[in-house]
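Participant: Let me begin by handing over the structure; questions about it come next.
Throughout, read-outs are computed from the coordinates displayed, never taken from laboratory work. What you see is a predicted model, and the numbers here were worked out from it, not measured in a lab. Please note: Cβ atoms are built from the backbone with ideal geometry, for glycine as well, and neighbour counts cover all protein chains shown.
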Amino acid sequence: GAGVSQSPSNKVTEKGKDVELRCDPISGHTALYWYRQRLGQGLEFLIYFQGNSAPDKSGLPSDRFSAERTGESVSTLTIQRTQQEDSAVYLCASSTTVGSYEQYFGPGTRLTVT
Amino acid sequence: GIQVEQSPPDLILQEGANSTLRCNFSDSVNNLQWFHQNPWGQLINLFYIPSGTKQNGRLSATTVATERYSLLYISSSQTTDSGVYFCAVKGGGSNYKLTFGKGTLLTVNP
C-alpha cells in the first residue's frame, strides 16, 4: 500500500476488556514503531520492532500491554484488562533501516475506555 | 533521555502572515523531523532535517545541530496550515525512537 494503515480507526470498549490494535506498515519497511498520544499531548514511544524482534519494550506502560509482529509486516498491539487511563490515540509508524530512518505514521486508532 | 522544547506553544495568525516555530533539543541528534498534525489527527511529514536547510513551497526549515535547535518557517500562511506542528528527534544514544516535543498549535484565521 501507499502508506501505513491502522485498524480499527476508532474503538470504544468497557473497562476490563481486552483490545487488539492492528498496524500494516509501508511495504518493505523493516522497522515498525508504536506510539501513544494522550489528548493535547505529544507522542510517547511504546515499542520498536526490527523485523519481527522487539529490542526495546521499555516504553510499554505496564505488563497489560504487549505487541507482536509477524512476517516482518503486520503488527498487533494488545491491551489486556483496559483501564480508563489507556484512552488515547495509538499511532504506528514504519521506516527503512538504511539511509535516513525517516518515520512515516499511520492515521492512528482512537481508543476510548468507558 | 533527550529533551525537546518547542515554542511558542500557541500561535494565532491572520491569513497571509509569516511565522517561525522553534525546536530546541538537549543532546546531539542523528534525525530530526517536523510534522504537521491536521485536525483529523494525521501526522504529515514536512521535513527530515538533521542538519542544514530545506525548502518545500511556502515552508522551509533550518537545523543548526551544533547549537541544538531547528526552525520551521511558514510564509504566506493559509487557513489549511492550521493544526499542531511537532518537532521530533532521534538521538542521545537512541538510534530508533523519536522523542517528540509538545507541539505548537497554529491557528490561521481568514
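Participant: Among B:Leu46, B:Leu72, B:Tyr96, which residue has its Cα positioned farthest towards the positive end of the charge dipole of chain B, with +1 placed on the Cβ of Lys and Arg, -1 on the Cβ of Asp and Glu, and the dipole taken about the Cα centre?
Facilitator: So the residue we want is B:Tyr96.
Participant: Pairs of alpha-carbon atoms within less than 8 angstrom and 6+ residues apart define the contacts here; what relative contact order does chain A have, in percent?
Facilitator: Working: 286 pairs, mean separation 42.2, N = 114.
Once divided by the residue count of chain A, the mean separation gives 37 percent.
Participant: Counting only C-alpha contacts under 8 Å and six or more residues apart, can you give the relative contact order of chain B as a whole percent?
Facilitator: Values: 286 pairs, mean separation 41.3, N = 110.
With pairs under 8 Å counted, the relative contact order is 38 percent.
Participant: Between B:Thr107 and B:Thr80, what is 0.36 nm times their sequence separation minus the Cα-Cα distance? Round to one decimal in nm.
Facilitator: On the way: separation 27, 0.36 × 27 = 9.72 nm, distance 0.92 nm.
Full extension of this stretch gives 8.8 nm more.
Participant: How much length is gained on full extension from A:Ser66 to A:Ser9, taking 0.36 nm per residue of separation minus their Cα-Cα distance? Present the calculation step by step, with values, prior to reporting the outcome.
Facilitator: Numbers: separation 57, 0.36 × 57 = 20.52 nm, distance 1.94 nm.
Extra length from A:Ser66 to A:Ser9 when fully extended: 18.6 nm.
Participant: Tell me, A:Tyr35, A:Tyr90, A:Tyr104 in order of fewest to most beta-carbon neighbours within 10 Å?
Facilitator: Details: A:Tyr35 25, A:Tyr90 22, A:Tyr104 18.
Least to most surrounded, the residues fall as A:Tyr104, A:Tyr90, A:Tyr35.
Participant: Debye sum, Cα scatterers, chain A, no solvent: what log₁₀ I/I(0) at q = 0.13 1/Å?
Facilitator: Log10 of I(q)/I(0), two decimals: -0.44.
Participant: Let me ask you something else. Based on the Kirkwood radius over alpha-carbon pairs, what value in µm²/s does the Stokes-Einstein equation return for the translational diffusion coefficient of the protein assembly as shown at 4 °C and 1.567 mPa s? Intermediate values should be presented prior to the final figure.
Facilitator: Numbers: Rh = 18.0 Å.
The diffusion coefficient I find is 72 µm²/s.
Participant: Dipole of chain B, Cα-centred, from +1 at each Lys and Arg C-beta and -1 at each Asp and Glu C-beta, to the nearest 20 debye?
Facilitator: I would put it at about 240 debye.
Participant: Quick check on the range B:1-95: what are the equivalent-ellipsoid semi-axes from the Cα gyration tensor, as sqrt(5λ), descending, whole Å?
Facilitator: Working: eigenvalues 107, 37, 28 Å².
For the range B:1-95, the ellipsoid semi-axes come out as 23, 14, 12 Å.
Participant: I would also like to ask the following. Within the range A:28-64, which residues have the backbone N less than 18 Å from the label spot 7 Å out from B:Asn45 along Cα→beta-carbon, could you tell me?
Facilitator: The answer is A:28-35, A:49-51.
Participant: Let me ask you something else. With the dipole of chain B worked out from charges on the C-beta (+1 for Lys and Arg, -1 for Asp and Glu) around the Cα centre, which of B:Ile12, B:Val84, B:Val108 lies farthest toward the positive end?
Facilitator: Farthest along the dipole direction, towards plus: B:Val84.
Participant: For a paramagnetic label modelled at 7 Å from the Cα of A:Val98 toward its Cβ, which residues of the range A:5-42 fall within the zone defined by backbone nitrogen distances under 16 Å?
Facilitator: Residues A:27-31 qualify, since their backbone N sits under 16 Å from the label point.
Participant: Let me ask something else about it. Can you give me the C-alpha center-to-center distance between the range A:6-48 and the range A:82-112, rounded to a whole angstrom?
Facilitator: Going from one Cα centre to the other spans 5 Å.
Participant: Would you mind ranking A:Asp86, A:Asp24 by Cβ crowding within 10 Å, fewest neighbours first? List each step's numbers first, then the result.
Facilitator: Values: A:Asp86 21, A:Asp24 18.
The most exposed by this proxy come first: A:Asp24, A:Asp86.
Participant: Still on this structure: Could you give the nm distance between label points at A:Glu20 and B:Asn38, where each point is 7 Å from its Cα heading toward the beta carbon?
Facilitator: 3.0
Participant: How many Cβ atoms of partner chains, on average, are near each residue of A:37-44 if near means within 10 Å of its Cβ? Don't skip to the end; give the middle numbers.
Facilitator: Working: counts 5, 0, 0, 4, 3, 13, 10, 3.
Per-residue shielding by partner chains comes out at 5.
Participant: Can you give me the distance in nm between label points at B:Lys54 and B:Asn24, each placed 7 Å from the Cα along the Cα-to-Cβ direction?
Facilitator: For the pair B:Lys54/B:Asn24, the computed spacing is 2.5 nm.
Participant: On to the next question. Provide A:Thr76, A:Thr109 in ascending order of the number of other Cβ atoms located within 10 Å of each residue's Cβ, fewest first. Can you show the working numbers first?
Facilitator: Working: A:Thr76 14, A:Thr109 22.
By the 10 Å Cβ count, ascending, the order reads A:Thr76, A:Thr109.
Participant: Given charges of +1 on the Cβ of Lys and Arg and -1 on the Cβ of Asp and Glu, with all other atoms neutral, how large is the dipole of the protein assembly as shown about its Cα centre, in debye to the nearest 20? Walk me through the intermediate numbers first.
Facilitator: Details: 18 positive and 18 negative charges, 19 e Å.
Approximately 100 debye in magnitude.
Participant: If you count, for every residue in B:29-35, the Cβ atoms of partner chains within 10 Å of its Cβ, what is the mean?
Facilitator: Details: counts 0, 2, 5, 0, 5, 0, 3.
Whole-number average of other-chain Cβ neighbours for B:29-35 is 2.
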